[in-house]
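First comes the structure, then the notes that go with it.
The values are calculated or read from the model by the stated rules, or taken from the named source; none is laboratory data. Since this is a predicted model, take the numbers as computed values, not measurements. Don't worry about glycine lacking a Cβ; one is built from the backbone with ideal geometry, like all the others, and counts go over all protein chains shown. Ligands, DNA and RNA are stripped out before the accessible areas are found, and what is left, the full protein with its side chains, is counted by its heavy atoms. Shrake-Rupley method; radii C 1.70, N 1.55, O 1.52, S 1.80 Å.
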Amino acid sequence: MIGRSLRASLAVTWGGGRPLILATGIALLGIFEGARNPWDILLASTHYKQVDLLVVPLYLLLLTRDLRHPWEALVRLRLRDARRWWAGHVGAAGLTAGLVVVGIAVLAVIVPLIRHQWTWRWGTMARATLGPAILASPTWRVPWLAGLEELGLLALGLWAIGVLSQVLTLWWRSPWYAWIVLVLLGWGSVAAFGTGLQTLVWWVPAGSQFCLEYHWTPAGPVVAPGWSVLYGSLLLAAATAAGGAIARSSPDDARHGGTL
């Protein structure tokens, strides 16, 4: 049953022209970063500004839909269990986050291969941005290991934020309220960088705290990446539980009034 719910949720998430949203986002990342070194591309694509201003909004746009729609109510009725219906949405958000991260990884591989600039070493942008001392640390010494850590961290963060957006969609009965609030939180996170409010960013469900580079910024205290793993895991668990409770306790809306 959960498999049926997952397939139904993925069919809506990736139906119509929605794959173009992902393709557009990856293309914009490729245009904006302008680097040729694969690890420079990965570092630029997962920079906190790119994540908060582009990646998170486009990812949430993929998930944005009316969870109170009669079609969703029909799926719940067919599944005979709101928990299975909600589990499908949580799983679809996770798989979608994984596809976004895979898209970023593909961009970092394909562009250097096309331009004949493939290398296993950090590029000039990484050396200028992070500095030799940070790049010599165990976290950053091997580029591909740092890249895997960053992509894994970002996937977890997107998943947690995506499930949170669906919880807010259920609660507010509007997908766009949820999208606007979370996008504004991300933009506020970018604005807070380098100010006295930067410490608060670690507690805001935006994208910055899931960017590996953000853990080593000279403008603020160094916070271990394990903090983001713990934060993302707790946020995901709390959002999953909250969404399940709302889905079980709150009836669906019918298009012409009443409840199903």
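Numbers below:
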| quantity | calculated |
| --- | --- |
| Unique match (being of a type in the set (A, V, I, L, M, F, W, C), in a helix (DSSP H, G or I) and closer than 21 Å to residue 161 by Cβ) among 20, 28 | 28 |
| Complete set of residues in the stretch 209-224 that are assigned to a helix (DSSP H, G or I) and modelled with pLDDT of 90 or more | 209, 210, 212 |
| Residues located in the stretch 169-189, provided they are open to solvent by 30 Å² or more (accessible area, probe 1.4 Å) and either farther than 24 Å from residue 63 by Cα or assigned to a helix (DSSP H, G or I) (or both) | 171, 172, 176, 177, 179, 180, 181, 184, 185, 187, 188 |
| Residue that is nearest to residue 41 (Cα to Cα) [pool: residues in the stretch 116-133 that are among the hydrophobic types (A, V, I, L, M, F, W, C) and open to solvent by 40 Å² or more (accessible area, probe 1.4 Å)] | 125 |
| Any hit, the stretch 54-68, residues being at pLDDT below 80 and not small (Gly, Ala, Ser) | yes |
| Candidates 54, 107, 113, filtered to the one that is surrounded by fewer than 16 Cβ atoms within 10 Å (Cβ to Cβ) and part of a helix (DSSP H, G or I) | 113 |
